[in-house]
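Undergrad: Encoded as structure tokens, here's the structure I'll be asking about.
The values are calculated or read from the model by the stated rules, or taken from the named source; none is laboratory data. All figures in this text were calculated on a predicted structure; none of them were measured in a lab. Every residue, glycine among them, receives a Cβ derived from its backbone with ideal geometry; neighbour counts consider all protein chains shown.
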Amino acid sequence: MPGLNYQRVPLLRLQTVDETTSTPVNVLGYPTVGIYVTGAGTTSSGVVTIETADFNPSNESTYTGTWSAITTVNASDVTGGATKFIGLPVAGYSQIRTRISTVIGGGGTISTTLVAVSNG
């Protein structure tokens, strides 16, 4: 019987600054991907964008192409230490990252974590 493979990768940690991006995570072979967004303190405004791109990190040290937005999360949804889980549609993703696309307001911060699962 095949085993369950997974990875859990912290992405952003206690961030607020507009255009802060996480390191991309290679999720090739992991069709089931979710992102946890967690607030600390008051997060009254701001947006986190979950993005994907196709590149080979062993051949490209820095990807300079355009990332595709998968979805966004309002920082106000995770104010006061709340966590919001975003289950991404099952797909053949290559690389995924999170980015603060609008500055986090209110004095708090956000953190993001990726979890990916594969049956194989």
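Undergrad: Does the stretch 58-75 contain at least one residue that is outside any strand (DSSP E or B), over 17 Å from residue 17 (Cβ atoms), touching a Leu at 6+ places or on another chain (Cβ under 9 Å) and aromatic (Phe, Trp, Tyr)?
TA: Checked against the condition, which is being outside any strand (DSSP E or B), over 17 Å from residue 17 (Cβ atoms), touching a Leu at 6+ places or on another chain (Cβ under 9 Å) and aromatic (Phe, Trp, Tyr), the stretch 58-75 yields no hits at all.
Undergrad: For residues in the stretch 90-120 being in a loop (DSSP other than H, G, I, E, B) and either at pLDDT below 95 or touching a helix residue (DSSP H, G or I) at 6+ places or on another chain (Cβ under 9 Å) (or both), which is farthest from residue 36 (Cα to Cα)?
TA: 120
Undergrad: From the set of residues in the stretch 2-25 that are more than 12 Å from the chain's Cα centre (by Cα) and of a type in the set (S, T, N, Q), which is surrounded by the fewest Cβ atoms within 10 Å (Cβ to Cβ)? Walk me through how you get there before you give the answer.
TA: Taking the stretch 2-25 as the starting set, the residues that turn out to be more than 12 Å from the chain's Cα centre (by Cα) are 2-7, 14-19.
Restricting the remaining residues to those that are of a type in the set (S, T, N, Q) gives 5, 7, 15-16.
Details: 5: 12, 7: 14, 15: 20, 16: 19.
If we take residues in the stretch 2-25 being more than 12 Å from the chain's Cα centre (by Cα) and of a type in the set (S, T, N, Q), then 5 is surrounded by the fewest Cβ atoms within 10 Å (Cβ to Cβ).
Undergrad: Could you grab the pairs with beta carbons closer than 6 Å, sequence gap of 6+ or different chains, first residue in the stretch 94-113 and crowded, with 19+ Cβ neighbours inside 10 Å, second one of a type in the set (Phe, Trp, Tyr) and at pLDDT 95 or above?
TA: Close Cβ pairs satisfying both conditions: 113/36.
Undergrad: For the stretch 23-59, which positions are among the polar types (S, T, N, Q) and more than 17 Å from residue 85 (Cβ to Cβ)?
TA: Hits for the stretch 23-59 are 23, 26, 42, 44, 45, 52, 56, 58, 59.
Undergrad: Taking the stretch 39-54, which residues are within 16 Å of residue 71 (Cα to Cα) and at pLDDT 95 or above?
TA: Taking the stretch 39-54 first, the residues within 16 Å of residue 71 (Cα to Cα) are 46-53.
Matches in the stretch 39-54: 46, 47, 48, 49, 50, 51, 52.
Undergrad: While we're here: Please determine whether any residue of the stretch 45-61 is in contact (Cβ under 8 Å) with a residue 60 or more places away in the chain and more than 10 Å from the chain's Cα centre (by Cα).
TA: Within the stretch 45-61 (the criterion being in contact (Cβ under 8 Å) with a residue 60 or more places away in the chain and more than 10 Å from the chain's Cα centre (by Cα)), the answer is yes, since at least one residue qualifies.
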